[in-house]
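The values are calculated or read from the model by the stated rules, or taken from the named source; none is laboratory data. Model, not experiment: these values are computed from the prediction. Here the Cβ positions follow ideal geometry from the backbone for every residue, glycine too, while neighbour counts run over all protein chains shown.
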Amino acid sequence: MGKALENYAYHIDINVTFTQSLFGVLVVQYQMCYLSFLKKIQIKPAMRKFIPLFALSLLGFMGCKAPVLPSGTSYNLTQLFGQTVPEGNGGAIQFDPENMKYMGNTGCNNFSGTYTMKKKKLTLSPATLTKKMCPDMKQEDRFLSMLGQVTGFAQKGTELKLMGGDRVLAVFGE
């Protein structure tokens, strides 16, 4: 197996968890969650001894799960670009991972579109939108602008965050 892995550069994502045991000892757990072979490189003879260790560490790769968007739940907008949105005014979003579609409401018009998940990157296609005249078109424009900037998501409990890089674009709750 060492020969198959030689002479390539790699990109590896690792999940690291820090916990404290009953005896106060810090426990570090890690899982490799993504590996990509970037390009063929020249490996120095001194580094070749680490290739079998690298190959064995791939066994941890099996325990990771790819990020999955929540299915069947409609999330109501609570924050947009860091500003709190009054309840019932902000809109909502829902994902259908089986068909790779998203849909929702901007607070006035309904929208839908498709999305792709590649590794940890989320990309939303431009939304198809109904054309009602809304009392607050600025809010709708900001919502649609946010959808165009999404590159990922984070979910904790009943909260869903749509991210643009490391920046939180919008926060939704059930």
**Asked** Quick check, is LEU77 at pLDDT 90 or above, assigned to a strand (DSSP E or B) and surrounded by 12 or more Cβ atoms within 10 Å (Cβ to Cβ)?
**Response** yes
**Request:** Evaluate the range 82-97: report whether one residue or more is of a type outside the set (A, V, I, L, M, F, W, C) and in contact with a Pro (Cβ under 9 Å, 6 or more places away or on another chain).
**Result:** yes
**Request:** Residues being outside any strand (DSSP E or B) and in contact with a strand residue (DSSP E or B) (Cβ under 9 Å, 6 or more places away or on another chain): count how many of those fall in the range 88-115.
**Result:** 10
**Fill in**
Residue pairs within 9 Å by beta carbon, gap of at least six or interchain, first lying in the range 101-113 and over 19 Å from THR78 (Cβ atoms), second of a type in the set (Phe, Trp, Tyr), listed first then second, are LYS101/PHE95; LYS101/TYR115; SER112/TYR102; GLY113/TYR102
**Request:** Find the residue count for the range 116-147, including only residues that are farther than 21 Å from PHE81 by Cα, touching a residue at least 40 places away in the same chain (Cβ under 8 Å) and assigned to a strand (DSSP E or B).
**Result:** 1
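Yes/no matrix, rows are residues, columns are (1) touching a Phe, Trp or Tyr at 6+ places or on another chain (Cβ under 8 Å); (2) more than 14 Å from PHE172 (Cα to Cα); (3) at pLDDT 85 or above:
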site	(1), (2), (3)
ALA66	no, yes, no
THR84	no, no, yes
ASP96	yes, yes, yes
MET100	yes, yes, yes
SER125	yes, yes, yes
GLU140	no, yes, yes
PHE153	no, no, yes
